[in-house]
Each structure stands twice: as structure tokens, then as C-alpha cells.
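Report on one structure; see the data block that follows.
Here, each number is a calculation from the coordinates, and none is a lab measurement. What you see is a predicted model; the values in this text were computed from it and never measured. With ideal geometry, Cβ positions are generated from the backbone for all residues, glycine too; neighbour counts draw on all protein chains shown.
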Amino acid sequence: MGDASGGRIVFLGPPGSGKGTQAVGLAEALGIPAISTGDMLREAVAAGSELGAKVDAIMQSGDLVGDDLMAEVVKDRLAKDDTASGFLLDGYPRTAPQAETLAGILAGSDDDLDHVVFIDVPEEVLVARAVARQRADDKVEVVRERLRVYREKTQPLVDRYRDQGLLRPIDGDHTIEEVASSIRAAVENGA
Ligand code: AMP
């Protein structure tokens, strides 16, 4: 990706790793849409849509929305024209079946994933950050549940993408600016 534009990128990392902020910054720099499935679901809840009604309670509990429902959401979103030169997926895939779904969607196009940016932060730092933020949905029990679900369902994707040569591991326990420049370097160098 020598021209520093476009690209098909996935962001992986535990809840509270700062991945959302970094995703928006990188996507803007590359001129591709940042697609946050969490934001899409929160918007659906706020809009009172049928999708929102299905996912509201699940999201509040810290659990994951079902893979089939998420597959519909992501297929529809990636079919939009603004993803023609690439996309940055933040928060998808989060399970092995979701990774299969994404691979299936991309197999139908000419372009595979370019990078899986993995922002890692120690668990105690994540809990401390969440306590400091104290949003309504950041109750410590819910944070711990999200971390448990992350370890069980999402963490295994790290190995999958490492094996595919796509993983770009980033130490997320630094300032926003430092993490942003590590990500830029990793995406430019492909390592
Ligand atoms: P996030 O903002 O990415 O942390 O997502 C907030 C919540 O939305 C998660 O805790 C899940 O309940 C739900 N969610 C977002 N993305 C996914 C996904 N890929 N699979 C299942 N649930 C998701």
C-alpha cells in the first residue's frame, strides 16, 4: 500500500483499547470509511428500528449480538459504494464464524484484506480506563463481562490473522498520538 490510500483493514482489540478513536483517524488519513458495527447498532437502538429492538438488551448485558444478524448488517454495509476503494472495519469480525463470513464476502470481490491492526492493552489498564470514563454502559461488571467475551470469542482471531500474515500488532498502552503513529508505520510497512 505504497500510496497510503485505500485498503481493506480490520481493527481488532479488547474493549477500551482506544480502537474506535484510532480507527476514525486512520480511515480519514486513508480516505476510506470507518465502519464501526458498535456505532451502527447503537444508532439502530437510538432510532428504535427493528434491528435496534433485537440488539438493545444484548448490548446492555455486554454479550455479543448473534453472528447471523451481524452477517446481514455487515453484508449490507460493505455493499455500499463508498467501500469501493476500501474500508476499515472496527468491531467486526469478533468471532470465528464472523471471520468466515467476512472471508466469504471478500472472496466474491477481487480484493482480500490488507491488514489486521491488533491493538493490545493489558486487562488491568482497560478496567482502570473504564472506571475513569464512567459512562452509563461502562459499569465495571459489564466491562468485565465484555472482556470475558472478548477473551473467549475474539482473542482466537489473533492467531488466525497472524497465520495469514495479516496481523499488525500494536502496543496500545501509550498516548493516542504514539499509538496512531505506530499504526501508521505498521500499515505503511505491512508489518
Ligand atoms: P463496540 O462499540 O464495538 O464495543 O460494540 C458495542 C456492542 O455492540 C458489543 O458489546 C456487542 O454487544 C455489539 N456488537 C458490536 N459489534 C459486534 C459484532 N461484530 N458481533 C456481535 N456483537 C457486536
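Tell me the net charge near residue 25. Cut-off is 13 Å between Cβ atoms, residue 25 excluded, with +1 for each Lys or Arg and -1 for each Asp or Glu. Intermediate values should be presented prior to the final figure.
On the way: positive: 19, 184; negative: 28, 90, 177, 178.
Computed value for this residue: -2.
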For this session: Quickly estimate the mean residue ellipticity at 222 nm for the chain, helices only: each DSSP H run with n ≥ 4 gives -39500 (n - 2.57), and the total goes over all residues, rounded to 500.
Result: -16500 deg cm²/dmol
Exercise. Near residue 153, which aspartates and glutamates are there with a Cα under 14 Å away, not counting those fewer than 8 places off in the same chain?
Worked result: 63, 67, 100, 145
Seminar exercise, completed: Residue-ordered couplings for segment 20-26, obtained by feeding phi - 60° into the Karplus form 6.51 cos²θ - 1.76 cosθ + 1.60 and rounding to whole Hz (Gly and Pro as x), are x, 4, 5, 4, 4, x, 5
